[in-house]
1. I want the local charge near B:Asp45. Using Cβ-Cβ distances under 15 Å, sum +1 for each Lys or Arg and -1 for each Asp or Glu among the other residues.
2. What's the Kirkwood radius of chain A in Å, using all Cα pairs?
3. Which three numbers, in whole Å and largest first, are the semi-axes of the equivalent ellipsoid of the protein assembly as shown derived from its Cα gyration tensor as √(5λ)?
4. For B:Val79, B:Val129, what's the fewest-to-most ordering of other Cβ within 10 Å of each Cβ?
5. Give me the Å³ per residue figure for the convex hull around the C-alpha atoms of the stretch A:125-274.
6. Along Cα→Cβ, 7 Å out, is where each label goes; now give me the distance between the ones at B:Leu121 and B:Leu4 in nm to one decimal.
7. May I ask you to list the trypsin sites (Lys or Arg not before Pro) in the stretch A:61-110 that are in a DSSP loop and have at most 15 other Cβ atoms within 10 Å of their Cβ?
8. Please report, largest first and rounded to whole Å, the three semi-axes of the ellipsoid equivalent to chain B, where each semi-axis is the square root of five times an eigenvalue of the C-alpha gyration tensor.
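Derivation of every value follows stated rules applied to the coordinates shown; laboratory data play no part. All values derive from a computational prediction rather than experimental measurement. Note that we place each Cβ from the backbone using ideal geometry, even for glycine, and neighbour counts take in every protein chain shown.
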Amino acid sequence: MDTVQPTAVALDEATVAFRLADARVYTAVEKARLSVAHGEFVAIVGPTGCGKSTLLNVAAGLLKPAAGAVRIFDQPLTGLNRDAGYLFQADALFPWKTAIDNVAIGLEIKGAPRAMALERAQGWLTSVGLGAFGNRYPHMLSGGQRKRVGLAQVLIRDPKILLMDEPFGPLDAQTRQIMGNLLLELWTADRKAVLFVTHDLEEAIALADRVVIMSAGPGARIIGDWKVALPRPRDISEVRMEKQFHELHREIWSVLKDEVMKGYAQSSQAAEAS
Amino acid sequence: MSRLTLLFWQLMVAVVALSLWQFFATVPVFGRMLLPPFFFSTPVDVASQIYKWFATGVIWKHLMITLWESVLAFVIGSVGGVLVGFWFARQPRVAAVFDPYVKMMNALPRVVLAPIFALWLGLGIWSKVALGVTLVFFIVFFNVYQGVKEVSTTVLDNGRMLGMSERQLTRHVYWPSALSWMFSSLHTAVGFAVVGAVVGEYLGSAAGLGYLIQQAEGVFDVGAVFAGMFVLSAFVILIDFGVTLVERRLLVWRPAPVARD
């Protein structure tokens, strides 16, 4: 970690705006400045609807910023981010493919021979603990198992950057912890730059090297950036007991709380207006 | 209900219905036949007519003709529906231009096309196939169009992020999605293929189940009309069963619909 790390993802004053149906312009994110070093795990936390996912889509190249620049390994991003793997919040597996085919597809579309792709996919399914579930279709798997397949699907391509959009959001508390530990384990084995979006501050601190806080939208900004100095390897459930964890949590929450209230007030106003 | 009791009650319905029919067609009630055999025939006559058809083998030729017409109508209509549906869904501008004409064609009762097809294609099988095609095409077309339109954006984005080109997206995302919608319309499509064939035969032909029924009607042979109807129903049920088998094989990836008892 002593050598100078290249910046994996850099957002430079990125502003994202959408044109609404009534021709007004809605600015989701304003002048976001964010950088993720190679091998660094950064979590973005913010109130619901603040544009966290928007920021992730910008880093993925699925959305173009209205102003500002996105650089991936110091190259301006044009089109899709080919260095990134994206784990979506919603179910994104191909429902007509079995688990193993879902994982193998990432290699197959690159032109890898099917036998080899299947072999590697089996290896990845085993690493996420689903070695025996290869021939199941997504609907036959539980929510947690589908997320595991999704993780394997993304990681088999060996992306240098991992973008995760509340990947464990729909899961129950225990499964989230298990998935968090699995993620850390896989990440420790092969450090990729990770940009992890969540609304759960505890999850963010437990997982990340840095926690970035966004303000409530519209025109959300990045309003805070904390280093998490907790030692690694970490265990998600145990790290929450530590004193350092609590202090950091209190410190970040004091900032985040106001934004959460603001975001809540805005969304209820919007609900009243419509 | 267990399978056996269910089967028993299902059989009972047929037995009771047929017995009542036989009774009222042969035994006068208050000196009157409630179901005069001239208009209603009797189950025994109908059964013997069916038996005669199969024993002499006359029926096979007609069944094969109708089957062949249905299959051709189904295949041509489906392929056309899939291709055009896919094309329209991927090219919204083309779809927008053709939209009123598609609606117009679909609103037209297809039976009125039968004489035109007979004029253009003669009294052989092709005029019937054409009629079936016009029915099957629209069902498959609308389903495939909808299927491609409603592909989940998350799944699409996932495909893109995994590095799929437009062609690979078509193959791995749009195509399977469209096919699954097509299969959900398969039962209706097969049914309509048979309808097209039989109606076409009825309106003018020299062979087929529709022809058989129409001939019998022409000589007031009500027994043969009913016999033709029974053979036709059995025929459709058999085809539908085949479709169910194919569907089960091809749509294993879909969650089974939740059964409600």
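1. 0
2. Every distinct Cα pair counted, the radius reaches 19.5 Å.
3. Semi-axis lengths for the protein assembly as shown are 64, 26, 22 Å.
4. B:Val79, B:Val129
5. Convex hull of Cα atoms, per residue: 146 Å³.
6. Distance between the two pseudo-spin positions: 5.0 nm.
7. Passing sites in the stretch A:61-110 are A:Arg82, A:Lys110.
8. In descending order, the three semi-axes are 43, 25, 15 Å.
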